[in-house]
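The values are calculated or read from the model by the stated rules, or taken from the named source; none is laboratory data. Since this is a predicted model, take the numbers as computed values, not measurements. Neighbour counts are summed over all protein chains in view; Cβ atoms, including those assigned to glycine, are modelled from backbone coordinates with ideal geometry. The area values use the complete protein model at the heavy-atom level, side chains included, leaving out ligands, DNA and RNA. Shrake-Rupley method; radii C 1.70, N 1.55, O 1.52, S 1.80 Å.
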Amino acid sequence: MRTGTNFLPTHIVQVPYDSGHKDVRMGNGPGHLVAHGVASLEAVSVERVEVEELPFELGTTFRVLRSLSEKVNTATQNNCLPLVLAGGCISCLGTLSGLSAGPIAVIWLDAHADFNTPETSVSGFIDGMALAAATGRCWRNLTSSIDGFRPVSEKNVILIGARDLDPDERGLLERSEISWIDMPMIRDRGVGEALRTALRNVEPERVYLHIDLDVLDRGEASVNEFSSTGGLTVAELLQTVRVISEAKSIVAAAITAYDPSYDRDGKALRAAGELVKELHAVGCIDAA
Ligand SMILES: [Mn+2]
């Protein structure tokens, strides 16, 4: 865990894309967060991924991911914590690829499992396949086009708060080695205890922390069109960050899927601001 004596800067990379389109829907999230001050802390720098759009969305999406990988890699070379503010969860591929080689754990907070493959997806939404792609289950030709991409071992993945799954996706997840801390388990044992137990079975010291803001209960914050009830409170989300940082080193993080047009009362914006502060306080250098 980072302390006052080895305090290190955070580098925010904005990825203002949703499904290969810039500055639409959840692609508006990163700019909105930065414009409303989430990055205006001491020792926080900001940049933005922008690419020339291709006429096909997946092509643009992977062009964005290749650029993101480079920026994350530069941030780690400069001894900064990369904090990605992204329209979509598919950003995980670029972030993970930009980190140094070696085993890494992925802790994924999301109302969804993002574990569809092209064979199980009913919507065709690439973000719904993000975790499956990160673990090497799909889009392998495209993921191999990102410098530094290596599939994450499923036994090193903890999924927290997922509650809205497609039927075939649920089957894939249940047959996988991913540790799924679901909402009944969280309500029964508390998120802290459930997570501490799961973390004991995860070997890598380094953690990529992926936070899709729709893991929050819709009553706590209306985050995007997929926001649903039965999710985490803001306090539980912040507790999760602290519990991880007590056991492991958070070497990169992402806050994704925020569509400001659904956040009429500004609660999601406030939650994101608190999260950035918390991550800035506990992030570690990727020294693997
Ligand atoms: Mn997601």
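Kindly state which helices (runs of 4 or more DSSP H) lie completely within region 130-206 and contain at least 2 residues that are open to solvent by 40 Å² or more (accessible area, probe 1.4 Å). Walk me through it before giving the result.
Values: elements: 130-134, 140-143, 167-174, 183-189, 191-200.
Answer list for region 130-206: 140-143, 167-174, 183-189, 191-200.
Surrounded by 21 or more Cβ atoms within 10 Å (Cβ to Cβ) and over 16 Å from A113 (Cβ atoms), is that true of L209? If you could, list the steps in order and put the result at the bottom.
On the way: surrounded by 21 or more Cβ atoms within 10 Å (Cβ to Cβ): yes; over 16 Å from A113 (Cβ atoms): yes.
In short, yes.
Does region 221-232 contain at least one residue that is open to solvent by less than 40 Å² (accessible area, probe 1.4 Å), away from the ligand (no atom under 12 Å from the Cβ) and part of a helix (DSSP H, G or I)?
Within region 221-232, not a single residue is open to solvent by less than 40 Å² (accessible area, probe 1.4 Å), away from the ligand (no atom under 12 Å from the Cβ) and part of a helix (DSSP H, G or I).
Examine region 241-262 for a residue that is touching a Pro at 6+ places or on another chain (Cβ under 7 Å) and open to solvent by less than 30 Å² (accessible area, probe 1.4 Å), and state whether such a residue exists.
Yes, there is a match, as at least one residue in region 241-262 is touching a Pro at 6+ places or on another chain (Cβ under 7 Å) and open to solvent by less than 30 Å² (accessible area, probe 1.4 Å).
Give the number of residues within region 147-168 that are touching a residue at least 24 places away in the same chain (Cβ under 8 Å) and under 17 Å from V106 (Cβ atoms). Step through it out loud before you land on a result.
Initial filter on region 147-168 (touching a residue at least 24 places away in the same chain (Cβ under 8 Å)): 147-150, 152-166, 168.
Next cut, under 17 Å from V106 (Cβ atoms) only: 148-150, 152-162.
Residues in region 147-168 being touching a residue at least 24 places away in the same chain (Cβ under 8 Å) and under 17 Å from V106 (Cβ atoms): 14 in total.
Within region 209-218, can one find any residue that is of a type outside the set (D, E, K, R), more than 16 Å from the ligand (Cβ to nearest atom) and out of contact with any Leu (no Cβ under 7 Å at 6 or more places or on another chain)? Please lay out each step first, then the result.
Just the residues of region 209-218 that are of a type outside the set (D, E, K, R), to begin with: 209-211, 213, 215-216.
From what's left, more than 16 Å from the ligand (Cβ to nearest atom): none.
No; the residues of region 209-218 include none that is of a type outside the set (D, E, K, R), more than 16 Å from the ligand (Cβ to nearest atom) and out of contact with any Leu (no Cβ under 7 Å at 6 or more places or on another chain).
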